[in-house]
Amino acid sequence: MGHIVIVGNGISGVTAARHIRKLSNHRITIISGESDYFFSRTALMYVYMGHMSFENTQPYEPHFWTKNRIDLKKSWVNLIDHKDKKILLENGEIMAYDKLILATGSKPNKFGWPGQDLKGVQGLYTKQDLEQLEISVPNNKVCKRAVIIGGGLIGIELAEMLHSRNIPVTFLVRESSFWNSVLPDSESAVLNDHILSHGIDLRLSANLKEIHSNDQGAVKSIEIAETGEIIPCDFVGLTAGVLPQIELAKASGIATNQGILVNRFLETNIEDVYAIGDCAEQQDTLPHGRRSIEAVWYTGRMMGETVAQTISGHKIAYKPGHWFNSAKFFDIEYQTYGIVNNALNKPKSEMQMHWKHPEKNICITVSYDKNDKRFIGINTFGIRMRHEVFDRWLNEQRSIEFVLDHFVEAQFDPEFFHSYVNEIQLVFTTILSKSNL
Amino acid sequence: MNYQQSKSVAIVNPDTYGLSTQQKLWLGFGMIGLIMMLLAGFNVTIMNSSIYMVLAMTLISIGVIGYSRASYNHKKAGIKNDGVTFKSITSRGVLGWLTGIALTGFYIILYFYPTFLGLGTKGASNAGLVALFDPFSKWLNGNPASQWFVYGTLYTLAIIIFGLKFILKYRHDQYQKLRTISVMFFQLGFAFLIPELMSRLNSDTFKLPYVDLKSIWPLNYYNFDKYRVESLIDAGDIGLALLIFSVISIFIITPILTYKYGKRWYCSWVCGCGGLAETAGDPFRQLSDKRLSIWKIERWIIHSVVVFSVLMTTAVIHSYLGKDSSTYWLTKSVFLLGVGGLLTFIFAWVMIFKREALAKDAKYGAFGYFVVILALMGLFVFDQNDHLFFFKTSELRRTYGFLIGSVFSGVIGTGFYPILGSRVWCRFGCPMAAILGFQQRLFSRFRITTNGGQCISCGNCSTYCEMGIDVRSYAQKGENIVRSSCVGCGVCSAVCPRGVLKLENGSQEGRINPTEVLLGNDVDLIKLMNQQ
């Protein structure tokens, strides 16, 4: 029986701990400086919006940890002494480990903008970020206008949060269309309209040049690089993506690149030190075209499930299945299964078919391989789909015709919702038959 | 979850969640209507009571509807939970407590001191609030109003106007809209109008008791009371048909519908208690307690109520049956043996075919209750005189009516909406919900399907579950939700930001699906883990 120490109590670290407990009798300690208990990071937005209390975001009651003999320690970790297999905590405490799992997550990207460390400028990632946000932007009297830099998922969530408190928001997006670094253009266009319809001042192809300070060292305004326009504001949200949190590993002599480098067994270059979740960077190629760093909830969970096997004596490589993800853009739900590339990255062999409801924010893109007509991915907006069915079809390498014929089996919308299967099938079959000519 | 109540330092209530001018205006109209009702309670009416009543009810209605429009119309269709945890009334703040106290007070007066509402006793005519409803009552059923007529009218009005609010709030959600229209329809038609019109048909030669066709034993615990059964039998074929209908409702119709659709067909589509909880109670659904410890308490309380109601009803029917089988085949002994036989049959069936679906403590509980019931039945059978076991039957019936029928379902069940959430009665007290829940858990096609690995553990589903089910604890494991208490309101599915939950009726196979590793990971690992 060894002592497993896990740094980070996010979804990756907690999943690893839970599964190690199921599979073994090891002593387990989770260390976090951020919060007493595991909470759902993706739910922080709902706390600010008043949908839930912070306690509501904690998936397990306190007794869960004692019952499962998982020790929780609230502290930051200063250094790893991997020669002596010890870690040094912020409070001076030294903790010995037999195996160490780094699950330190990400931190917001900052690109060296002038003024990026001013008062009233922040990212949104940690519980502390949320608390700071509540201080900086409690209402629209304190904050007359907020500016958000960076058009990704956190950016649009922050826009929705601020909007829920009636705070005017200017949203600077580097790309020519919202999230078209990921989405096909037609879908990205639907989101542009939807963001604008909520009264968000969306600025496309707009980069931040500088954040100006007032005499108290707080943000006063921002300047847009392209136009030189100055926008007065009291808050700036930096949401230009995240990057792995590697300072601890780096300072302790563990090999890093962008992230903490791991092999397929999630092992770092140091024996008995593992890295999982957002902070890990894969050195070797993953199956299904998966990327070397994937900062999403699901990936963290899967790595946690996998590393628990290895630590419990059943060494197993990390082998994620087909890509899937979901998000919500204000009122529009998004789901994706398999691969649907944006215009820039789309290879010639990938064919895409789009369908959009004439009025509603409901649309769908299906990708297939031009040569063998194999279905390769789907994006849906405003339509819920069954993960299990698409995962199976991708495994079975089903043809696009098969997927269209059986589309109804994959529907996951609530009962009595209008189904657009017939329209979608009709439109796509027509496109397909034309392309076959 | 309310454990660990310490509010994080900075996560405090923002002060911008005030009401808009429009909202204040409509709220003002509604309050005037309410105050008019209150004044009527103190016998202050300044005009013709018909006009006064219509005016008060109209003001309340346009107040609620106007307020709803001012709250939701300018926003896009979608989830409308902004500020729920900040508003005093929906987060057990001062307003929440005051509302709770006011509601509780109203129920205490309604059930135990109706004269304060102006009910005329000993032939005296009504005064106050009850008198205000006399013209309406006479117009509908030909008789002066009672406190129950007043309550029924206000109850129905509440379901309709707050139902409209709910429909506006969930206007993007077809399931929620249809379900709400259904409870509005059943309340207005079946619970309110039909019984009133039925009593209009009564004359000196023909008497039929008030019958709410959708109110099924054991929810209407008085269904088999002597006076009621006698009056039904006296009413000839129609009465007999109604009596038979009430028996097949619980023994045949209910099990079939619950098998096909889960208990939601009743609890959140038909039932009046559920109807009020889903409409007027909707703003309070997040206040239900999700702790595991409360779930344990819930199971003991609600199943004790079932046992109590079965014993009470058995004792009541037993008390007025004859002993001589030559006059009527259904004698005391035949009846008791029948009840005992039926219970034994159900118990044996579950233990033989569904044993693996029950948790250990559920088995102990079931066994314990079974022994208690059989022991008491034994006492009945061998003790044939009318002094029935420890209590007098009439005492048992009275205690049940007081504790369960009045205090639990009314005073606590509705009065405590702003404190304990909107389904306290349905969750902890309703014997009908327990019986349907038992069927739903063991003999039903209904489940809430979890969508593979898409859950992000955000907790919206658990937070907004009015029945206090920790929905997330299943969803984040990729498990379907098969719980006896689930009333199938569908709000967990509606508030899920990732499209993870779907209420559906499907085959029994794979309905309960404990998983170890979620979909999305290495297929071989999933197989391996789920075999272990």
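Looking across region A:262-283, just one residue is buried (at least 22 other Cβ atoms within 10 Å of the Cβ) and either among the charged types (D, E, K, R) or not assigned by TED's automatic domain parsing to the domain that holds A:Gly304 (or both), and that is A:Asp278. When A:Lys141 is tested against (1) out of contact with any Lys or Arg (no Cβ under 9 Å at 6 or more places or on another chain); (2) crowded, with 22+ Cβ neighbours inside 10 Å, just one condition goes unmet, and that condition is (2).
Remark: A:Ile316 falls outside the filter, which requires a residue to be buried (at least 18 other Cβ atoms within 10 Å of the Cβ), touching a strand residue (DSSP E or B) at 6+ places or on another chain (Cβ under 7 Å), within 12 Å of another protein chain (Cβ to nearest Cβ) and in contact (Cβ under 8 Å) with a residue 24 or more places away in the chain. Would you confirm, using the coordinates I've provided, whether A:Leu100 is within 30 Å of A:Lys85 (Cα to Cα) and buried (at least 21 other Cβ atoms within 10 Å of the Cβ)? So A:Leu100 passes the test.
Here is the figure for region A:23-56: residues that are within 12 Å of another protein chain (Cβ to nearest Cβ) and within 20 Å of A:Val307 (Cβ to Cβ) total 3.
Restricting the search to region B:200-250, which residues are of a type in the set (Val, Ile, Thr) and assigned to a loop (DSSP other than H, G, I, E, B)? Passing the criteria: B:Thr205, B:Val211, B:Ile216. State all residues of region A:238-277 that are touching a helix residue (DSSP H, G or I) at 6+ places or on another chain (Cβ under 6 Å) and outside any loop (DSSP other than H, G, I, E, B); if no residue qualifies, say none. Of everything in region A:238-277, those that are touching a helix residue (DSSP H, G or I) at 6+ places or on another chain (Cβ under 6 Å) and outside any loop (DSSP other than H, G, I, E, B) turn out to be A:Pro244, A:Thr256, A:Ile260, A:Tyr274, A:Gly277. For B:Val517, indicate whether it is within 24 Å of A:Thr15 (Cβ to Cβ) and either in contact (Cβ under 8 Å) with a residue 40 or more places away in the chain or not polar (S, T, N, Q) (or both). Answer is yes for this residue. Listed by first and then second residue, the pairs linking a residue in region B:154-179 that is free of Cβ contacts under 8 Å to residues at least 40 places away in the same chain and basic (Lys, Arg) to a residue that is assigned to a loop (DSSP other than H, G, I, E, B) and buried (at least 20 other Cβ atoms within 10 Å of the Cβ), with Cβ atoms under 8 Å apart and 6 or more places separating them unless they lie on different chains, are B:Lys177/B:Tyr170.
Meeting the requirement of 2 or more residues that are within 11 Å of chain B (Cβ to nearest Cβ) and either more than 28 Å from A:Met351 (Cβ to Cβ) or touching a helix residue (DSSP H, G or I) at 6+ places or on another chain (Cβ under 8 Å) (or both), the helices (runs of 4 or more DSSP H) wholly within region A:113-223 are A:127-136, A:153-164.
Taken as a whole, the structure places A:Ile148 among residues that are on the phi < 0 side of the Ramachandran plot, touching a residue at least 12 places away in the same chain (Cβ under 8 Å) and not assigned by TED's automatic domain parsing to the domain that holds A:Glu350. Suppose we keep only residues that are surrounded by 23 or more Cβ atoms within 10 Å (Cβ to Cβ) and among the charged types (D, E, K, R) within region B:443-469. Which one would you say is nearest to the other protein chains (Cβ to nearest Cβ)? This residue is B:Arg447. Checking each residue in region B:480-514 for being within 11 Å of another protein chain (Cβ to nearest Cβ), in contact with a Gly (Cβ under 9 Å, 6 or more places away or on another chain) and part of a loop (DSSP other than H, G, I, E, B) picks out B:Gly488, B:Val500, B:Asn513. Just to be sure, is A:Glu223 touching a His at 6+ places or on another chain (Cβ under 9 Å) and under 25 Å from A:Glu294 (Cα atoms)? Against the criterion (touching a His at 6+ places or on another chain (Cβ under 9 Å) and under 25 Å from A:Glu294 (Cα atoms)), A:Glu223 does not qualify. Taken together, the residues in region A:328-367 that are aliphatic (A, V, I, L, M) and under 20 Å from A:Trp393 (Cβ atoms) amount to 6.
Residues of region A:11-22 that are in contact with a Ser or Thr (Cβ under 8 Å, 6 or more places away or on another chain) and within 12 Å of chain B (Cβ to nearest Cβ): A:Ile11, A:His19.
At least 3 residues being farther than 30 Å from A:Ile195 by Cβ and at pLDDT below 95 is the threshold, and among the helices (runs of 4 or more DSSP H) wholly inside region B:78-197 those reaching it are B:94-112, B:128-132, B:134-141, B:147-169. Within region B:249-264, if we keep just the residues that are touching a residue at least 60 places away in the same chain (Cβ under 8 Å) and surrounded by fewer than 22 Cβ atoms within 10 Å (Cβ to Cβ), the residue that is farthest from A:His51 (Cα to Cα) turns out to be B:Ile250. Considering each residue of region B:364-372 in turn, none proves to be assigned to a helix (DSSP H, G or I), among the aliphatic types (A, V, I, L, M), at pLDDT 85 or above and farther than 26 Å from B:Pro514 by Cα. Annotation note: of B:Tyr210, B:Tyr227, the sole residue that is within 19 Å of B:Phe185 (Cα to Cα), out of contact with any strand residue (DSSP E or B) (no Cβ under 9 Å at 6 or more places or on another chain) and of a type in the set (Phe, Trp, Tyr) is B:Tyr210.
Just to be sure before I move on: is A:Glu187 among the charged types (D, E, K, R), surrounded by 20 or more Cβ atoms within 10 Å (Cβ to Cβ) and over 16 Å from the mean Cα position of the chain (by Cα) in the structure I sent? Yes: the conditions hold for A:Glu187.
The values are calculated or read from the model by the stated rules, or taken from the named source; none is laboratory data. Note that the structure is predicted; figures quoted are calculated from it, not measured. Please note: Cβ atoms are built from the backbone with ideal geometry, for glycine as well, and neighbour counts cover all protein chains shown.
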